[in-house]
Amino acid sequence: METKYWKVITNSDRPESLAGHSAIREAAALLKEGGIVAFPTETVYGLGADASSSGAVTSVFRAKGRPSDNPLIVHIADLDRLERWTREVPEKGVELARRYWPGPLTLILPHRGNLAPQVTAGLSTVGIRIPSHPVALALLRESGLPVAAPSANRSGKPSPTDAAHVRDDLHGRIDGILDGGTTGIGVESTVVDVTSDPPVLLRPGGITLDMLRDAVGEIRLDRGLERETMNPRSPGMKYRHYAPQGKMWVVTGEGKSLVERVQRMADGLKREGMKVGILSTEEHAANYEADWVFVCGRRSDPFSIARGLYQALRAFDEVKAEAIVAEGFPPQGVLFTVMNRLVKAAEGRVISAGES
Ligand code: TXA
Ligand code: MG
């Protein structure tokens, strides 16, 4: 399959500035014909398809190599279109949408049965969001479609935060890639089930727990999520998540003891004959010695860590690191999301700097 590329550079946050742009028109036309097109959102790149077309949605699962029982998120352009696809939006759902849409929040709602059944993997609910990226919004408006879009990576790789990552994973397997530069948030949207009260956090993301609680009060953590956070050694995940080719460990702690424990761990693996990488923060990078030291962001700016995380993880696979020791973070704010992804990548191997 030939993959078409378009570059869309915009200095404006307003999707209006892209209305009628030839790249947006061509990409929208492809979607309407049942094609599959990758596009930037404020979180990560998505691989879009007409959510009302079984054929198009099936192509997405095939291109990604995604198990068909894992449902997709449907992206819409504005709130007016919500009730076309969903029923009974509970009050707390309305409030969350009012506060955080457009933005990195996905709401799980009962659907009307008028989307392709593959989108929802046969469930009675659908995940919906209005993204805030101007290219995503311009594409949604121009196509007029509900767009089903999982992250635009091959299943088992980190989500793409740059068009080059999409090309590495999906060139020749999809119809087009809209290149809108690097994404701003860098981790996926927060997924909240608002069909129950209190609402349940299914996946931490760009909208933090505090932001959710600020809007609607109590939020419960999904049981799987709780297990992953409280007892990460037995993650018990249903779907295989990204795990680097090398074996990975996450070290929690702070300051000097964290740095020392990370280095000691890396030295031990080195002695076992492995090529070792360290996933560091800017503050600590100069202290480490390893085959590779990659920086994901700055501790003084947690959002920079979310933004740089997947790029850094991809880099270890590129150099074929055999073992990776990653600095961990206190699970607060957006760093709760970062820890969630790191613990999954490490398949639950978390050690505390205090342990020997
Ligand atoms: O930021 C994002 O959410 C990105 C961009 C492209 O929008 N998309 C994304 O999609 O991360 P994906 O397919 O990689 O992740 C969708 C998540 C999965 O964890 C899936 O299980 C969950 O949303 N999900 C979707 N529909 C659901 C439903 N009806 N009930 C429960 N979980 C659902
Ligand atoms: Mg994904």
Item to complete: Output the residues belonging to segment 258-297 that are basic (K, R), in a helix (DSSP H, G or I) and open to solvent by 50 Å² or more (accessible area, probe 1.4 Å).
Response: R264, K270, R271
Worksheet item: Which one of these does G354 not meet: (1) under 16 Å from S159 (Cα atoms); (2) open to solvent by 10 Å² or more (accessible area, probe 1.4 Å)?
Response: (1)
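Table: residues versus (1) touching a Lys or Arg at 6+ places or on another chain (Cβ under 7 Å); (2) within 26 Å of S196 (Cα to Cα).
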{"position": "T3", "(1), (2)": "no, no"}
{"position": "E33", "(1), (2)": "no, no"}
{"position": "A38", "(1), (2)": "no, no"}
{"position": "I76", "(1), (2)": "no, yes"}
{"position": "L79", "(1), (2)": "no, yes"}
{"position": "R87", "(1), (2)": "yes, yes"}
{"position": "L96", "(1), (2)": "no, yes"}
Fill in: Subset of segment 153-173 [surrounded by 18 or more Cβ atoms within 10 Å (Cβ to Cβ), touching a residue at least 24 places away in the same chain (Cβ under 8 Å) and either of a type in the set (S, T, Y) or within 15 Å of ligand 2 (Cβ to nearest atom) (or both)]
N153, S155, K157, P158, S159, P160, T161, H165, V166, L170
Practice prompt. Would you list the helices (runs of 4 or more DSSP H) that sit entirely within segment 31-143 and hold 3 or more residues that are open to solvent by 30 Å² or more (accessible area, probe 1.4 Å)?
Written response: 54-64, 91-100
Item to complete: Select from segment 138-152 the residues that are more than 10 Å from ligand 2 (Cβ to nearest atom) and in contact with an Asp or Glu (Cβ under 9 Å, 6 or more places away or on another chain) and list them in ascending order.
Response: A138, L140, R141, S143, L145, P146, V147, A148
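The values are calculated or read from the model by the stated rules, or taken from the named source; none is laboratory data. Everything numeric here is computed off the predicted structure, so don't read it as measured data. So basically every Cβ, Gly included, is an ideal-geometry build from the backbone, and we count neighbours across all protein chains shown. Side chains are part of the model used for accessible areas, which takes the heavy atoms of the whole protein and leaves out ligands, DNA and RNA. Shrake-Rupley method; radii C 1.70, N 1.55, O 1.52, S 1.80 Å.
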